[in-house]
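What follows is a single structure, written as C-alpha cells, with notes after it.
The values are calculated or read from the model by the stated rules, or taken from the named source; none is laboratory data. The shown structure was predicted, so the numbers you read here are calculated from the model rather than taken from an experiment. Note that we place each Cβ from the backbone using ideal geometry, even for glycine, and neighbour counts take in every protein chain shown.
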Amino acid sequence: MLAVMSITAPIFMLIALGYGAVRLRLVPGEALPGMGRFVLFFAMPALIFHTLSELSVHEVIEPGYLLAYAGGSLLLLALGLGLTIRIMKKKAVLGALQSMGMVVPNSAFFGYPVLLQVFGEAPARAFALALLVENLLIIPLALAVLEFSAHREQGASPGRVLRALPARILKNPLILAIMAGALASAIGLTLPAPLVTGLELLGRASAAVALFVIGGSLVGSTLRDKLSDMSLVMLGKLVMHPLLVALMVWWLPPFDPDLQLAVILMAAMPMMSMYPIIGEQYGQRRFAAATLLLTTCAAFVSLSVILLLR
C-alpha cells in the first residue's frame with residue numbers, strides 16, 4: 001500500500017499544483033491550451049521517439065505477452081465503441097474518446113514505476129513489450145477511430161471520411177513520432193549525443209506539464225451531470241481491461257509467470273496523462289481531465305487489490 005501511495009502522491013501533487021495555480025490566477029486559464037500543444041507537438045513525441053528508437057525488438061519479443069495485451073485491448077475497444085455509440089447512443093466523438101480512455105494506460109509515468117516496485121528491478125522487457133503494443137497498434141487505432149468519428153459528426157460521407165483519414169492521421173505528431181521511432185529502431189540508427197540529451201529533456205517535461213494542465217483544466221468545471229460517463233470509462237479501464245487481458249493470459253499457452261503478472265498490471269493502470277490533451281482537440285478537455293483524475297484516484301484501490309491477490 002505504501003509503495004502504491006509513493007507512486008501516486010507526486011501525480012496528485014502536480015495535478016493539485018496546476019489547479020491551485022489557475023485558481024489563484026498565477027497562471028491564466030488561457031495559457032492551458034498552449035501548454036497542452038507543447039506536450040502534444042513537442043514533449044510527448046520526443047519521449048515516444050526516443051523510447052522506441054532505443055528498443056531492440058529481437059531481444060524483447062514474447063508472443064504470449066503481445067497477444068494477451070493486444071487481444072484484450074482490441075476486444076475492449078470494440079466493446080466500448082459498441083456500448084457507448086450503439087447501445088447508449090452517445091455522440092461518436094465522445095464514445096470514441098471514452099473507448100480510448102478504457103484501453104490506453106499510462107505506461108511511462110505510472111506503469112513503469114509500479115512494475116519497478118513489484119519486481120524490485122528494472123522491468124525493461126515487460127515495459128518494452130507494452131510500449132510496442134500501445135504505440136504501434138492501440139494508440140494509432142484509437143486515434144484513427146477518433147478522427148473518423150469527428151469527420152462523421154461533421155456530416156461527411158463514410159467514403160469521404162475514409163479517403164481523408166490517412167492524411168489526417170499522418171499529420172498527428174504522436175503517430176509521426178511512433179513511425180519515426182520504429183524506423184530508427186529497425187535500421188539501428190544511432191543518434192548524436194546532443195540530440196539524445198535534447199529529446200530526453202523534452203520527454204521528461206511531458207508528464208509534469210500534462211499533469212499541470214489536467215489540474216488547471218478542472219478549475220470551474222461542472223461535470224456532475226457527466227459522472228455516469230466518467231464512471232463508465234473508469235470501470236472499463238481499471239476493471240474490464242485487466243480482466244480481459246487476464247482472460248487472454250489464461251486462454252493462451254503459458255509463458256514467463258513474471259510477464260503474465262506484468263501484462264495484467266500494465267492493463268490495470270489508469271489512462272495516459274495525455275488523455276485530456278487529446279480530448280482538447282475534440283472539444284472534450286474538461287471531461288477527459290476529470291475522468292483521468294477520477295480514474296487515477298480509483299487506481300490506488302484497484303491496483304492494491306490486484307497486488308494483494310497476485
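Tabulated data
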| read-out | value |
| --- | --- |
| Unmet requirement for D256, which otherwise passes all of (1) out of contact with any Ser or Thr (no Cβ under 7 Å at 6 or more places or on another chain); (2) within 28 Å of A21 (Cα to Cα) | (2) |
| G34 being of a type in the set (G, A, S), in a helix (DSSP H, G or I) and in contact with a helix residue (DSSP H, G or I) (Cβ under 8 Å, 6 or more places away or on another chain) | no |
| Any hit, the stretch 38-46, residues being within 29 Å of M248 (Cβ to Cβ) and not β-branched (V, I, T) | yes |
| Selected residue (criterion: modelled with the lowest pLDDT) from residues of the stretch 40-55 that are in a helix (DSSP H, G or I) and among the aliphatic types (A, V, I, L, M) | L52 |
| Whichever residue in the stretch 40-92 is under 27 Å from G216 (Cβ atoms) and among the small types (G, A, S) and, among such residues, is surrounded by the fewest Cβ atoms within 10 Å (Cβ to Cβ) | A46 |
| Flag for A78 being closer than 18 Å to I139 by Cβ and free of Cβ contacts under 8 Å to residues at least 12 places away in the same chain | yes |
| Pair list, Cβ under 6 Å, 6 or more apart: the stretch 233-253 residue within 13 Å of P105 (Cβ to Cβ) and of a type in the set (K, R), other residue modelled with pLDDT under 95 and not in a helix (DSSP H, G or I) | K237/M271 |
| Qualifying residue in the stretch 16-39 (condition: among the aliphatic types (A, V, I, L, M), crowded, with 16+ Cβ neighbours inside 10 Å and modelled with pLDDT under 85) | no |
| Residue ranges of helices (runs of 4 or more DSSP H) in the stretch 183-271 with at least 1 members under 21 Å from the mean Cα position of the chain (by Cα) and under 17 Å from M44 (Cβ atoms) | 193-217 |
| So F300, is it crowded, with 20+ Cβ neighbours inside 10 Å, hydrophobic (A, V, I, L, M, F, W, C), part of a helix (DSSP H, G or I) and more than 15 Å from the chain's Cα centre (by Cα) | no |
| Among (1) under 25 Å from F127 (Cα atoms); (2) surrounded by fewer than 24 Cβ atoms within 10 Å (Cβ to Cβ), the one test that Y282 misses | (1) |
| One residue from L97, L81, L55 being of a type in the set (A, V, I, L, M) and farther than 17 Å from Q284 by Cβ | L55 |
| Candidates G198, G111, G216 - the one that is at pLDDT 85 or above and under 30 Å from G20 (Cβ atoms) | G216 |
| Selection within the stretch 12-70 - among the polar types (S, T, N, Q) and more than 22 Å from P270 (Cα to Cα) | S53, S56 |
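Residue-by-condition table, conditions (1) part of a helix (DSSP H, G or I); (2) among the small types (G, A, S); (3) over 21 Å from W250 (Cα atoms):
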{"residue": "Y69", "(1), (2), (3)": "yes, no, no"}
{"residue": "G72", "(1), (2), (3)": "yes, yes, no"}
{"residue": "L79", "(1), (2), (3)": "yes, no, no"}
{"residue": "G82", "(1), (2), (3)": "yes, yes, yes"}
{"residue": "I85", "(1), (2), (3)": "yes, no, yes"}
{"residue": "K89", "(1), (2), (3)": "no, no, yes"}
{"residue": "Q98", "(1), (2), (3)": "yes, no, yes"}
{"residue": "V114", "(1), (2), (3)": "yes, no, yes"}
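Results for (1) modelled with pLDDT of 85 or more; (2) closer than 25 Å to L75 by Cα; (3) touching a helix residue (DSSP H, G or I) at 6+ places or on another chain (Cβ under 7 Å), shown as yes or no for each residue.
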| residue | (1), (2), (3) |
| --- | --- |
| V233 | yes, yes, yes |
| L261 | yes, yes, no |
| A267 | yes, yes, yes |
| S273 | no, yes, yes |
| L292 | yes, yes, yes |
